[in-house]
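Chemist: Quick one: structure below, then a few questions.
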Amino acid sequence: MPNQSTNNEVNVIILAAGQGTRMNSSVSKVLHEVGNKTLIQHVIDAATPLASSINVIIGHNSESVKKSVSNNLITWVLQKDQLGTGHAVMQARPNIQENSMCLILYGDVPLIQTQTLLKLLEKANKTGFSLLTVIQNDPTGYGRIIRDSSKSIQSIIEHKDANNEELEIDEINTGIMAITGALLTKYLNQLEPNNSQGELYLTDIVEKAAKDNVTIASFICENSAEVMGINDKNNLAEAERAHQLKNAEELMINGLTIKDPSRFDCRGNLTFGNDCIIDVNVVFEGEVRLGKNVLISPNCIIKNSKIGDNAHIMPNSMIEGSVIGSHTSIGPFARIRPETQIGSHAKIGNFVEVKKSTIDDNSKVSHLSYIGDSQIGKGVNIGAGVITCNYDGVNKSQTTIGDGAFIGSNSQLIAPVSIGKNATIGAGSTITQDAPDDKLTLSRNKQSTMSKWKRPQKK
């Protein structure tokens, strides 16, 4: 339901029919992503708390756009021919109630905030018509807001049509507006394609309303990035960085230490305890939860994972869909794959890969090993280059290692196999059968030296 501070039902209209040719992509423009969320989903999410209904105008790649969004407030409206912004809004006319407030948005303006839209609606509730504008240091290419001597809005002049005096104006049109259904319907009916493109421009309704002495209010957006439109890949990158900087600012206000906000990415939701430190080039994706005093070193990727208190994720490590216990160190250059649980005071060293395994408290996998589909107990020490051979080409099988076991370097454990408590596996062994508790198990060929052997010579 719409926010209680608005007087009318709010019919949101989102224009998302454009092809976006400057993106040079087969993907619809509004389906490109900022912060792992599509442009149009950002806009829908911003509008939803205020909306009674949401009309999304679609055209190019309409089916892919429809499949990308799930929201029970949405009515999909097809614009078969692309004849301008005014024509696009016309397509939603059957769904516009005259006593409603219409909020017109754009599917390629992803950083717009709910609070900004609310303020725009509050302005429109007083006059029936309000524009969202912004002061732009370099207004080149944008439509200028034309005001009379009393500062009332009279019209919008496109850059190419502006005279020298008008080009000096730094207040520009964002395209976002709030207007009553009655006024919108009235002025849509008066639009004519009196321009070189032969299109119906929504901005023309501003001048028509002003001539009828309709007071056109405005709300000036303080942050120009918030109303940035995405037209090409450069714009997309700019929006991504603006989005991430905003994320970083909010997280730091709440107590997170980020070494360099310009080299920080959160593409999901991050929660954290006190005194966590995030070094440069760290990426968070999905749902990530950090305990207290967690240190994430440079160049790490953490996705849909939980990391316990006092854990240290060392440089260039990747953790996905896993739980890391307290006082545990991971890396450097470690990869922790989904469905892995690692206990407290454990160590996963450099160039170790762990997949769908449980490693209990105080166990160590120090370096250059692969642990897959395994259950590893407490206090286990796994040497360098150990491989749990979990795949026979058809099926995955499990390796179980009991508490206190020691697995010598360069050993292969051929699953399914079980290593007993406090068992020792001699270095270089290939283990195909269960190894008993408290005993040394090894498999090696007898070493021999061939005295008459000669190294091959080049011919």
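Chemist: Give me the three principal axis extents of region 10-227 from the C-alpha atoms, as integers in angstrom, largest value leading.
Modeler: Extents along the principal axes, in whole Å: 49, 39, 34.
Chemist: Roughly what % of DSSP beta bridges within the chain run antiparallel, to the nearest 5?
Modeler: Of all bridge pairs located within the chain, approximately 15 percent are antiparallel.
Chemist: I've got another one for you. Express as a percent, rounded to the nearest 5, the fraction of DSSP beta bridges in region 233-441 (both residues included) that run antiparallel.
Modeler: Here the antiparallel bridges make up roughly 0 percent for region 233-441.
Chemist: Then there's this: Restricting to region 10-227, what percent of DSSP beta bridges are antiparallel, rounded to 5?
Modeler: Taking every DSSP beta bridge within region 10-227, about 45 percent pair in antiparallel fashion.
Chemist: Let me ask something additional. Please sort 425-431, 133-139 by packing, taking for each peptide the average over its residues of neighbouring beta carbons within 10 angstrom, highest first.
Modeler: 425-431, 133-139
Chemist: Note the angle between two axes, namely the Cα long axis of helix 233-253 and the longest principal axis of the Cα atoms of the chain, as a number of degrees from 0 to 90, rounded to the nearest 10.
Modeler: The angle comes out near 70 degrees.
Chemist: Also: Using per-residue counts of other Cβ atoms within 10 Å, averaged over each peptide, order 275-285, 75-85 from highest down. List each step's numbers first, then the result.
Modeler: Numbers: 275-285: 19.7, 75-85: 16.1.
Taking the mean over residues of other Cβ atoms within 10 Å, the ranking is 275-285, 75-85.
Chemist: Based on the Cα gyration tensor of region 252-313, what are the three equivalent ellipsoid semi-axes, each the root of five times an eigenvalue, rounded to whole Å and given largest first?
Modeler: Value: 14, 13, 11 Å, ordered largest first.
Chemist: Here's another thing I want to ask about it. Taking only pairs that are 8 or more places apart or on different chains, how many Lys pairs in region 233-441 have Cα atoms under 14 angstrom apart?
Modeler: 8
Chemist: Take each of the peptides 149-162, 89-102, average the number of other beta-carbon atoms within 10 Å over its residues, and list them starting from the highest. Don't skip to the end; give the middle numbers.
Modeler: Numbers: 149-162: 14.4, 89-102: 18.8.
Ranking, from highest mean packing down: 89-102, 149-162.
Chemist: On a 0 to 90 degree scale, rounded to 10, what angle separates helix 114-127 from the longest Cα axis of the chain?
Modeler: Helix 114-127 sits roughly 10 degrees off the main axis of the chain.
Chemist: Largest first and to the nearest Å, give the Cα extent of region 233-441 along each principal axis.
Modeler: Principal axes ranked by extent give 60, 35, 21 Å for the Cα atoms.
Chemist: Another question, then. What number in nm² do you get for the chain if you take the convex hull of its Cα atoms and divide its surface by four?
Modeler: Values: hull surface 132.2 nm².
Seen from a random direction, the Cα hull of the chain projects 33.0 nm² on average.
Chemist: What's the Cα-based Rg to Rh of region 34-131, Rh via Kirkwood?
Modeler: Details: Rg = 13.6 Å, Rh = 14.4 Å.
A ratio of 0.95.
Chemist: Taking N as the number of residues in region 113-164, what value does Rg over Cα atoms divided by 2.2 N^0.38 Å take?
Modeler: Dividing the Cα radius of gyration by 2.2 N^0.38 Å gives 1.31.
Chemist: Let me ask something additional. Using Cα pairs closer than 8 Å and at least 6 residues apart in sequence, work out the relative contact order for the chain, in percent.
Modeler: 8
No value in this document is a laboratory result; all are computed from the given coordinates. This one's a predicted model, so the numbers in the text were calculated from it and none came from an experiment. Here the Cβ is made from the backbone with ideal geometry for all residues, glycine too, and neighbour counts use every protein chain on show.
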